Structure formats: structure tokens, C-alpha cells
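Each value in this text was obtained by applying a stated rule to the coordinates, not by laboratory testing. No experiment lies behind these values; they were computed from the predicted model shown. Here the Cβ positions follow ideal geometry from the backbone for every residue, glycine too, while neighbour counts run over all protein chains shown.
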Amino acid sequence: MADSCILAPDFWCAKDGVAVMNVVILLGGPGSGKGTIAGRLVAADRTLRHVSSGDLLRDAVKRQTAAGVEADGYMKRGELVPDAIIARMIADLMAGIAGPCTLLLDGFPRTVVQAEILDGTIAGCGASLAAVVLLEVADEILVDRIAGRRACPGCGAGYHVTNIPPRVAGICDACGSALTVRKDDNPETVKNRLAVYQAQTVPLIEFYEARGALRRVPGTGPIDEIVERVRRALS
Ligand code: AP5
């Protein structure tokens, strides 16, 4: 286990002192910083593995797999793709992981049905749910963050035109590629994504709170501070 491991040691000794796969869920609205915070955590802790359901789906759309072709329309409209599609992708990914690690799930589960399926997947893999971190950010900040988000198609680095600007406007600091805007980051789709979050994902807060697994973390302020809050919430 790395010295910088974000989980307290007792999470790691879940099965008779033998380290197993642990799952940490990052919950929060669109633009709440799930991907940004996960990226920072993973960069500092080699035991963590970041799994973004949005990235998995965007990759499937790009490769035009059967799941990607089906998911594309839902994503363009800012709706959730059917539970079975994304749950299958996550289950396949978890089944393929060998050796102990902490899985940082970003964007999954997003419905109570997905959370129930994940319970079965976790049990089937002999893994355990360590915690659910809720990044709390007001809607007007979410809208501003999404409107200014830019992504690098070359290396995957993320930016924001004013909050986290690249050194040269429109160009990735790390690899020099031209930055792009995500297809679903237009005002109409964002409105729908926020409504979908309220209707279908917010019920998960109560679901995990009832189990004592939920950790609420204020998701505004400097990114380093938020990362520190998440570390504290997990220790
Ligand atoms: P997904 O890709 O998961 O999108 P999302 O949940 O809407 O979340 P985002 O990726 O928009 O935001 P984020 O929270 O990662 O924020 P970020 O770190 O980028 O899903 C896309 C679509 O796929 C869905 O609409 C759905 O169709 C489908 N899908 C995915 N999962 C699914 C599932 N489980 N079931 C069904 N369908 C599914 O930050 C945002 C911006 O803010 C960035 O520009 C960043 O630089 C900036 N920023 C971050 N933190 C700060 C800060 N502290 N201060 C200032 N700026 C900040």
C-alpha cells in the first residue's frame, strides 16, 4: 500500500487482513468537479484507479461499439443511458481487475437501480464499498463551470477558460493540442442534465446516507483544498 493511500488502513484489511478491491463513489451534479478531483487523487496515489462512466461511454461512442451506438442519442440529449448498458460496462471492468486497488467510481451509480446492481457486482468481486463522497456545489456554479470547460483531445487534460485557464488560450499546456468543448456542454443539454440529476441521482444521497456511507464535502474553492477535504472525509 502506498504511504499516500487516501483510505484509512482499516478499509484495507477488510478480509482477514488481506487487501481487497475497495470502491469509493464520487457523487455530485454535472460539473461538480468529480473528474478534476479524481484526477488529482489518482496522480498522488498509485493504489487508486479512476473509472469515469462518462469517459467509458464517450470512448464507446467514438469506437462505435453496439453500446456506444445505443448510448449516443441519450448523451446528446443529456439523458441517462439505460441502466443495463452502463452497469454491464462497469461490471466487466471490475471483473477484469487483478490485485488489490481502490476503485474511484466517478459518475456511476447514477440511479438507485444502478446502485443496487453495483451492490451485487461488489459482492460478486469480493470487494467492499468504502465510502460515497458527495461534492456539494450550487447549480449556478455548476452551469458556469460547464460553460467554461475545455478538454484536451490529445492527453485528456481538463481546463476552464477562467478558473483553470491554459497558458495560451485554447491550447493544452501539456501536449500543445487544440482544446475542445464537449458535445453535451451546450446550455440546453446542461439544463436537462441538471434536471436529470435532481430527479434520478439525488435519491442516491438518501440511499447511501441510510447506510452511513455518505460523506458530504463542500465542492467549491481552490481545487487543492477540495482534494484535502476529500482525503479527510476518507480517513
Ligand atoms: P459525465 O461525463 O459523467 O458527466 P457529468 O456527471 O455531467 O459530469 P461532468 O463530467 O460534466 O463534470 P465533473 O463533475 O466531472 O466536473 P469536472 O471535473 O469536469 O456523463 C456524461 C453523460 O454520459 C451523461 O449525461 C449521461 O448521458 C451519460 N452517463 C454517464 N454516466 C452514466 C450513468 N452512470 N448512467 C447513465 N448515463 C450515464 O469540472 C467541470 C469544470 O469545472 C471543469 O472545467 C473544471 O476545470 C472546473 N472546475 C472543477 N473544479 C473546480 C473548482 N474547484 N473551482 C473552479 N473550477 C473548477
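The order of the peptides 145-152, 228-235, 104-111 by mean Cβ neighbours within 10 Å, most packed first, is 104-111, 145-152, 228-235.
Toward the positive end of the charge dipole of the chain, with +1 on the Cβ of Lys and Arg and -1 on the Cβ of Asp and Glu, the farthest Cα among Ser32, Ile122, Ser177 is that of Ser177. Take the Cβ atoms of Ala138 and Val69, set R0 to 45 Å, and the FRET efficiency comes out at 0.80.
Sites listed here are trypsin sites (Lys or Arg not before Pro) in the range 197-228 whose DSSP assignment is loop and whose Cβ has at most 15 other Cβ atoms within 10 Å: Arg211. Summarising the amide proton neighbourhood of His160: residues at separation of 5 or more, or on other chains, whose placed amide H is nearer than 5 Å comprise Arg150.
Reported to the nearest whole Å, the Cα centre-to-centre distance from the range 100-127 to the range 168-235 is 18. Summarising the amide proton neighbourhood of Arg49: residues at separation of 5 or more, or on other chains, whose placed amide H is nearer than 5 Å comprise Thr102, Leu103, Leu104. Taken about its Cα centre, the range 151-195 carries a charge dipole of about 60 debye when Lys and Arg each add +1 at the Cβ and Asp and Glu each add -1 at the Cβ. Going from the residue with the fewest nearby Cβ atoms within 10 Å to the one with the most, Lys34, Lys62 rank Lys62, Lys34. Selection among Gly156, Ala66, Ile85 by position relative to the dipole of the chain gives Gly156 as farthest towards the positive end (Cβ unit charges, Cα centre).
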